[in-house]
1. Looking at segment 410-526, what helices (runs of 4 or more DSSP H) fall wholly within it and have at least 1 residues that are at pLDDT below 70 and either under 21 Å from Ser770 (Cα atoms) or open to solvent by 20 Å² or more (accessible area, probe 1.4 Å) (or both)?
2. Could you tell me which of the residues Glu58, Glu42, Glu96 is over 30 Å from Ile140 (Cα atoms) and open to solvent by less than 60 Å² (accessible area, probe 1.4 Å)?
3. For Tyr228, all conditions in the list (1) touching a Lys or Arg at 6+ places or on another chain (Cβ under 8 Å); (2) at pLDDT below 80; (3) open to solvent by less than 50 Å² (accessible area, probe 1.4 Å) hold save one; what is the number of the exception?
4. Are there any pairs, at least 6 apart or on different chains, whose C-beta atoms fall under 6 Å, with the first in segment 149-173 and of a type in the set (A, V, I, L, M, F, W, C) and the second open to solvent by 60 Å² or more (accessible area, probe 1.4 Å), and if so, which?
5. If I filter segment 324-340 for residues that are at pLDDT below 75, closer than 27 Å to Val14 by Cβ and surrounded by 12 or more Cβ atoms within 10 Å (Cβ to Cβ), do I get at least one hit?
6. Search segment 633-649 for residues being open to solvent by less than 20 Å² (accessible area, probe 1.4 Å) and closer than 12 Å to Ile569 by Cβ, and hand back the single one that is modelled with the highest pLDDT.
7. Taking the condition of being over 14 Å from Gly871 (Cα atoms) and either open to solvent by 60 Å² or more (accessible area, probe 1.4 Å) or acidic (Asp, Glu) (or both), how many residues in segment 820-839 meet it?
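The values are calculated or read from the model by the stated rules, or taken from the named source; none is laboratory data. These numbers come from a predicted model, not from an experiment. Cβ placement follows ideal geometry from the backbone for every residue including glycine, while neighbour counts extend to all protein chains displayed. Note: accessible area is taken over every heavy atom of the protein model, side chains too, but ligands, DNA and RNA are not part of it. Shrake-Rupley method; radii C 1.70, N 1.55, O 1.52, S 1.80 Å.
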Amino acid sequence: MSQGKLSLINQVSVLAFTALCVIAALGWLDIRDRANISKILETQERLLAVKQSLSKIERNLLSARNDELEMTQTRNPEAFEKFQGKIESAQALSVELIDTIDDRTNLPQESIDTLKITLSENLNQYRASVQSSAELEMQIGLQDGQGLLHDIEVIRDEMIRLMQSLNQDSLLLAFSNLRLSEQEFSETLNMKISAQLVEDIFQFRSEIKTTELYPEVQASLLSSLEEYDNLVVRLMESTLELELAIAANTLHFSRIIPELEKSQVTLDQRLSLMERTLVHQRQISTIQTIILFVGAFLIILIFIFVQIRNNQQLVLRLRQLANHMGEVALGYYPNPHDLPEGKDEVGVLSQAFLSMASQIHEQIDTIEEERKKAEVANKAKSVFLANMSHELRTPLNAILGFSQIMQQTPLVDLECRRYLNIINNSGEHLLALINDVLEISKIESGKFSLKLTSFDLDHLLAMLQKLFQEKAECKQLTLTVTRSPTAPRYLRADKAKLRQILINLLGNAIKFTHTGTVSLTVLLDETVIKVHAPQGVDDTPSPPGSTSPSGANLEGTLAYRSLANLRFIVEDTGPGIAPEEFEHIFASFTQTDLGQQSQEGSGLGLAISRQFARFMGGDLTVASTLGQGSVFTLMLQAECLDDVSGKIAAPLRHPSGRIQHLAPDQKRQRILVAEDREGNRLLMRKLLETVGFEVRAAHNGSLAVELWQKWHPNLILMDIQMPVMDGLEAITQIRQVSHLPQPKIIALTASAFEEQRQAILNAGCDDFASKPIDREQLLALIGRHLGVCYLYDEPISSPTPPRSPKPLTSDCLSIMPADWIEQMYRAAIRGDDRLVHMLIQQVPQAQQDLIATLTELTNTYRFDVLIELAGPVKS
């Protein structure tokens, strides 16, 4: 079968080659015939040009002949001038024609030579002969009356003057006869009359000699007659030459015209022959073209027939190969014996496909193994991050929780309260770093999603101003937060991520700006675009029982929504950023040189902010000038809400004080705490019991279920990761019991992953609280679910001096040694307030203002100001 396929392909190749050869041969013949036709047409053009030139020469010669005859008959000098012009034109055309005539005119060489002689020699001889006859006429005096005829007339008048005084009849008679003969001959120049003239001259001479005259008169008459006789003889000779010249003119002309006519006849014959040859050649070319097309058509038909036959068999084999390819796509490895075989192209393709399928099979196995390894590694990473989140947040929960409880204890002295503030600040800083690391991990692992909620932008901006106002005033900075009147107030976007971006930008601006201003401006970048939305489309749901991140509740659904491109511009007058650092500052774990000198932060804030911005459909860019400040621009597209009066409620407001105790006259509420860590159980019991709740604790899920069934608590704070039975299983078992009253369940989770929190809510939790627990937030959450009210009190005053310390500059520390300033800088970087106090004691007592201000800054933990004042000591 394979050999048959191969011979079939060879047949097609031979047939195609033969067809190409035939087509090429016919094409070559067609090209040759076209070349011959072109050559014939070119020769025809040349012969026609020669014929036209001969016709022009002939017309000029006939016209010149007419001028010549007119000159001879009328003795008109203008006729000779016309003859000269015509003969010169004929000669010019002759010269041009002689240069043109060559072998390409296809004329016999004899005819060409004869024509050249006629046009050159005979034409010149004719012109010379006519020129000679014209000169003879001038010599005789026929044209201008100055030649021999004029001389004869002068002599004749002289003889008439001599004879006027004579009275001799015979002499006068003889002179009269002489005059009549001379006049007749002068007018006609007829040589027949010349004999009579000669005889009359002889008679007149005889009469002069025989007549008795004065000797002087007779001598004068004989002298004049002798001169007259000589002039008459010369006239006769010139007349004879003129007749010979006129005869020569006729002879030369008669030689030229017949040759020209003969040449024209030869040209007509050649043109007729060329026309017949051209018609014959065109007929041959037409026949060859027809044969070419018919042959090509037949060859194409044969080729198509053979190709169809070949394609039918080829398609069958290709379909067989395609079926095996489809099996490979489905994961089945083909049997090599079922593939088309042979040495043709399909056979080679089959072998290549078999090799490729084998490699694909191996690569799929390898990829599958790598995928499984990657899934295991990714799962291990997720488990590690979850465990790390749990293991880090759980002890932080105890640290921050107990420090908050101790801060509420009035018995704690001022020194211990300062230590508690340090513990709180350090724990919150550590928590922020953990959150950043986990946030960037979620972004990199693709576990990132947006939560679109409706909120009031003015409330968000007011919260940001309140959050950073105190810090800005401590550094004597002017903080302004404004929204353009054209920018929409009510938006639908991921408020939590927008808030985090703006907090990062404002925090960096205030941290690195030491003098001047920091501003946040919200602008509408372009016109709002209306987008109609169907009724019933709600915002992304928040956890049950919770409010939106803005503290606002959305009532109903808006009739339509619009899209607005907003710009949030954070501008400061800080030290600025070098252009080469513009892109590096958005990379993870990367800081500017100034940020590295401050030894604060993890280098993740801007990286997370840009990722958030891009996930939200915008971007975060920077522009800066060293020494003048920086401008960070957050470009964001959000849905703006129109006609929202009554749609978004005002944010919930709580008393400014801290929760002290349950309000009186309320039903005592039972709370079950399920927590495996003893420290956290103690923390939760202490926190809840001091407020007034009745609390019991369980150290695993199984025990929590038993206590719930026996004690019937109103609310359960359920830790998720516990031994024996985890929190999710415990929640599931509780929700499956229908004959007992169902409690409110709030999950206590240290997880940072959204899918885990969603799983908690899906298991039946009413809400969740993230570790480490914030006392006020947890109590507010419990109050919302149990419907209890609290008593609030003003916060216990802390030994915080006025917020605005006495202004200091680096020059104020110039009184101290360089090593003291360096020790102060390093102590401030480490946050070592004990060492800072020891260094303050070394300041001379005369500098009371400096001592008081430095002590103020240390007690309020304004180590950032101390770092700025001390600065790095450079040697």
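1. Ranges flagged: 414-445.
2. Glu58
3. Going through the list (1) touching a Lys or Arg at 6+ places or on another chain (Cβ under 8 Å); (2) at pLDDT below 80; (3) open to solvent by less than 50 Å² (accessible area, probe 1.4 Å), Tyr228 breaks only (2).
4. Ile155/Glu227
5. Checked segment 324-340: at least one residue is at pLDDT below 75, closer than 27 Å to Val14 by Cβ and surrounded by 12 or more Cβ atoms within 10 Å (Cβ to Cβ).
6. Leu634
7. Qualifying residue count, segment 820-839: 4.
Table: residues versus (1) under 60 Å from the mean Cα position of the chain (by Cα); (2) in a helix (DSSP H, G or I); (3) modelled with pLDDT of 75 or more.
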position	(1), (2), (3)
Ile98	no, yes, no
Thr114	no, yes, no
Tyr126	no, yes, yes
Ser129	no, yes, yes
Gln139	no, yes, no
Asp144	no, no, no
